[in-house]
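The values are calculated or read from the model by the stated rules, or taken from the named source; none is laboratory data. Treat the numbers as computed from the prediction; the structure is a model and nothing was measured. Here the Cβ positions follow ideal geometry from the backbone for every residue, glycine too, while neighbour counts run over all protein chains shown. Calculation scope for accessible area: heavy atoms of the full protein, side chains included, ligands and nucleic acids excluded. Shrake-Rupley method; radii C 1.70, N 1.55, O 1.52, S 1.80 Å.
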Amino acid sequence: MPYAKPYSNPADAYSDFIAFASQARTKIEAHPEWKDWLLSPEIIDASMIRGAGKWRHDWLQLAGNLADSFDGAIGALRRLKQREYLRIGLLDFSGYATVEETMRQVSDLADFCLQVVLESSQKALESRWGKPQTPFAILGMGKLGGQELNYSSDIDVIFIYGEEGQLTPQLGYHEYFARLCQKIIGAFSTQTGDGNLFRIDLRLRPEGDAGSLASSLEACENYYAAYGETWERMALLKARLSAGDRGLGYDFEQMRTAFCYPRSLSSDVIEEIAAIKQRIEREVVKVENLDLHVKLGTGGIREIEFIIQTLQVLHGARLPYLQHRSTLPALAAAATLGILPSSKTKILHDAYLWWRTVEHRLQMVADLQTHSLPRDPIRRAQIADTLGLELPEFERLILDHRHAVREIFDEIISSHKSETVPAVSFATDFFEQPEHAQKDVESLAPENKSDLHVSQRTRNAYHRFCRVLEEKLRQCVDPDLSLTRLVRFADAYGSHGLLYESLANNPKALELLLRIFDQSRFYSELLMVRPELFEEAARSGTLDYRKTTEEYIVQLNALTGDPALEARRYRRAELLRIFLRDILVLDQLPAIQREYSALARACLDYAVRQARPRSPMAVIGVGKLGGAELSYGSDLDCLLVGDDVEAAQFISKFMTDMMPTGILFPLDFRLRPNGKGPIAMPLETYVDYYANHAQLWEIQAFIRARYVAGDKALAEAFFAAIDPIWKERGKSENFAAEVAHMRYRIETERVDAAHKDLEFKTGVGGMIDVEFGLQTYLISKGEREPSTWKGLDILGRENPSLATSWRRDYLFLRYIESILRSDQNSSVSAIPKEAKEQARLARRMGFATLEEFKRAYDLTRSRIRDGYAQLMPPEPH
């Protein structure tokens, strides 16, 4: 039955729809004329089918004279998509469109957007490089492939092309199609005032995040034949041509069918599917959220999909009628063929429609990709009301559907899971959650990792591995988290026997791996995607070697393939290498940060070379980049000197565009004159600004300016012109007092007043005390030294005791910062508020207890503030 409040027509539901769906309300407020469009008879009539033909007509109208411009075409497409979502949402909300019709409309709209973006991107690239003589296609996967998209779904896609070849002597098809994919991804990922299109997810492509953006048909066929796993077989059940060449789509379909529906397949595949579901519940949803998640939770959408997909994989080759991409037609086929009793099919059919309806309501509110029900009864009641239900009936339906689906899932899938075989006795008394740890250890057993015969050699290696594993986990600050991440890494690694043997034979490697999992989520997830990076870095022979900027530049310039993509891969591997050097304490923190800064500087140099400015351009580093003191997750504060604005924009995009392998480094240009305008400015503009307009803090910040990339002669001219101005401005009689006042405002206004003692950067006695005090001292001496450490050497000539004290104490705070930042590779300026997290930080800092750490932390801040008082005027009151 449809779930909706009764309305005489869709227009009557408009007010309730706008009140419930905040994203729809926002769109109408931004485009008031859309209300009249939405409520016009030809648009609101549910019987009027709108598809690619009408959408193309409307898109061309919205684009007008800009249809031939890439940005104009994509901007109009974004507006079309946002406007169409209003129509689809209102018809869904009012009950005048079924769940199936809503999913189909959203999926068709996504197909149309992919086709238009593909056409516009091809046009842009072909005008520059010509047209390749092989076809290209975009395959829809997941909900897009099954034509089951919801409002905030990612669109899972795979990019493929026909065959390898050369477009020009310098440009092969592989690189050309990678650029085409980047163009498409950029159009979809860019958020503008026109709204967005769809989020693209490429993780289902061959080799996942480690794979090429686009693969030839032959490469796909070879990959699936040699390496295709059960989850990929299930994913490809829904694969469908969404945009591009139909002939190529047909060729892929032939290959896909053979892979998805093999003639012979062991029923042990059911055990693999059960294991996949268990991992989802353990790692993605978490046990405490299984009753909230409508997609991945108990008895939710994914369990229904797993049931029918399992039956399709097992019986699809023998019964082609079962080979449907969409869930509901596949369920109906299973009933018709007698594979699944009609009574159970009806239960799954009704539950699927129920969950998809609830999911649509959840995402209709704010156009967010959420699949979790709120715990708040008031919010749940609001959702129930839009479905024409009272809250008790709503809650009853949730429980009924969960229990009914889970019962069928257990019967078909979970009951086939073989008994877990505990490999060895493993003590779990040192874990916070011993039972969960025991399950993790058991899941590592080779018998539970493969449906193939497990050799005695692998069993022996596993036994030896577990004995070492327990010893090393006892050394971890958070053994629970470290073990869970190890399980995920083992799943990603693939060859478990080889992994266990390697780590059992090399306990130091296991210790290092666990230290990564123990300390950093960012680097752990990097290894989940590219497990081979660990072995490459550990065996590279360069862990005890500190690379220079010049060495990084040479290695970057030797890269082949797409420059932006390959540079990101290189940077990712080097970040891991530097992190390993850090946690192994193969160098002191200042040296680690200089090496991190050298990598960033080399990437900037590479970006400038790729931009090929028409006139000289220099990159001046300021802040931590200027001081060669970058920490994990730091932005690069830059000044661009030159007049080639187009090249400057290229450099910014080259460094910051999000690609499957991430970005290079985030850039921050806010220290340029006035903090706005073009990101590159000629030398004359900087001279005038620093002489006549720069504020105190900008004069202070300039002390850390340093040439980092680009035209060195221009940089020398820049410093020759600005340094005298800087020295003169620094002679101001009130300079120190003004800096002290600025510092006082920071420590009183820019800290969490309730936890100000935790602010190790901006709080009293924090890092800024050292930086502001030292910079003020150096400015008074006319010494422009970007490095804090070298600045302390200069201070030591007159005040050796303070320089020694500050060197030790500043390093202590930088260690705190480095440990906290390394977790997620992002900025952190305060110690965690939770006592448990503070205790973990204390252990990572080498303290036996939290109390010892707190005493050292408080003494450090006290000494820093005492030194600050020696150099600076009294605090204003």
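What the table shows:
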{"item": "Helix-only [θ]222 nm of the chain, DSSP H runs n ≥ 4, -39500 (n - 2.57) each, per residue, nearest 500", "result": "-19000 deg cm²/dmol"}
{"item": "Tensor-based shape of the chain (alpha-carbon gyration tensor, a/c under 1.5 rounded, otherwise prolate or oblate)", "result": "prolate"}
{"item": "Per-pair calculated FRET efficiency, R0 = 45 Å: Thr560 and Tyr815 via Cβ, rounded to 0.05", "result": "0.70"}
{"item": "Gyration tensor over alpha-carbon atoms, segment 170-263, equivalent ellipsoid semi-axes in Å", "result": "26, 16, 13"}
{"item": "Mean-position separation - Cα centroids, segment 332-356 and segment 499-528, in angstrom", "result": "44 Å"}
{"item": "Area accessible to solvent at Arg814, 1.4 Å probe radius, in Å²", "result": "0 Å²"}
{"item": "Of Ala235, Tyr815, Gln170, farthest towards positive along the dipole that unit charges on Lys, Arg, Asp, Glu beta carbons give the chain", "result": "Tyr815"}
{"item": "Beta bridge orientation in the chain: antiparallel %, DSSP, nearest 5", "result": "70 percent"}
{"item": "Dipole moment magnitude, nearest 20 debye, segment 461-589 about Cα centre, only Lys, Arg, Asp, Glu C-beta charged", "result": "100 debye"}
{"item": "Accessible solvent surface per residue of the chain, calculated while the other protein chains remain in place, 1.4 angstrom probe, Å²", "result": "43 Å²"}
{"item": "Relative packing of 519-529, 435-445, which averages over residues the other C-beta atoms within 10 Å, highest first", "result": "519-529, 435-445"}
{"item": "Net length gained if the chain between Ala19 and Thr192 were fully extended (0.36 nm per residue, minus Cα distance)", "result": "59.8 nm"}
{"item": "Gain in span if fully extended, His403 to Arg128, counting 0.36 nm per residue against the direct Cα distance", "result": "93.2 nm"}
{"item": "Test item: Cα-centred dipole of segment 54-189, Lys/Arg +1 and Asp/Glu -1 on Cβ, debye", "result": "440 debye"}
{"item": "Angle in degrees between helix 507-519 and the longest Cα principal axis of the chain, rounded to the nearest 10", "result": "90 degrees"}
{"item": "Label-point separation in nm, Asp752 to Glu851, each point 7 Å along Cα→Cβ", "result": "2.4 nm"}
{"item": "Pairwise centroid distance, computed over Cα atoms, of segment 780-841 with segment 212-247, Å", "result": "50 Å"}
{"item": "Placed amide H near Thr98: partners under 5 Å, 5+ positions off or other chain", "result": "none"}
{"item": "Positive minus negative residues near Leu62 (Lys, Arg vs Asp, Glu; Cβ under 15 Å)", "result": "+3"}
{"item": "Gyration tensor verdict on segment 720-815 (Cα atoms; rounded if a/c is under 1.5, prolate if a/b is larger than b/c, oblate otherwise)", "result": "oblate"}
{"item": "Relative contact order [Cα under 8 Å, 6+ residues apart], segment 1-85, whole percent", "result": "20 percent"}
{"item": "Sum of side-chain charges, Ala384 neighbourhood, beta-carbon under 13 Å (Lys, Arg +1; Asp, Glu -1)", "result": "0"}
{"item": "Relative contact order of the chain, pairs being alpha-carbon contacts under 8 Å that are 6 or more residues apart, as %", "result": "8 percent"}
{"item": "Proximal lysines to Lys790, defined as alpha-carbon separation beneath 25 angstrom and excluding residues fewer than eight positions away on the same chain", "result": "Lys547, Lys624, Lys712, Lys727, Lys731, Lys761, Lys781"}
{"item": "Potential lengthening between Ala713 and Glu532 on full extension [0.36 nm per residue; Cα-Cα distance subtracted]", "result": "61.0 nm"}
{"item": "Lys/Arg +1, Asp/Glu -1 at C-beta; the chain dipole; positive extreme among Ser443, Ala187, Gln610", "result": "Gln610"}
{"item": "Charged-residue dipole, Cβ positions (Lys, Arg, Asp, Glu), segment 512-578 about Cα centre, Debye nearest 20", "result": "160 debye"}
{"item": "Accessible-area composition of the chain, carbon plus sulfur, in percent [1.4 Å probe]", "result": "51 percent"}
{"item": "Prolate/oblate/rounded call for segment 33-170, Cα gyration tensor, a/c under 1.5 rounded", "result": "oblate"}
{"item": "Ordering of 626-633, 590-597, 335-342, 10-17 by burial proxy (mean other Cβ atoms within 10 Å per residue, highest first)", "result": "626-633, 590-597, 10-17, 335-342"}
{"item": "Neighbourhood charge, 13 Å Cβ-Cβ cut-off, centred on Gln133 and excluding it, Lys, Arg +1 and Asp, Glu -1", "result": "-3"}
{"item": "Using alpha-carbon coordinates, inclination of helix 645-656 to the longest axis of the chain, degrees", "result": "70 degrees"}
{"item": "Helix axis angle, 269-279 relative to the chain longest principal axis, alpha carbon, degrees", "result": "40 degrees"}
{"item": "Listed peptides 611-618, 50-57 by packing density, highest first (mean Cβ within 10 Å)", "result": "611-618, 50-57"}
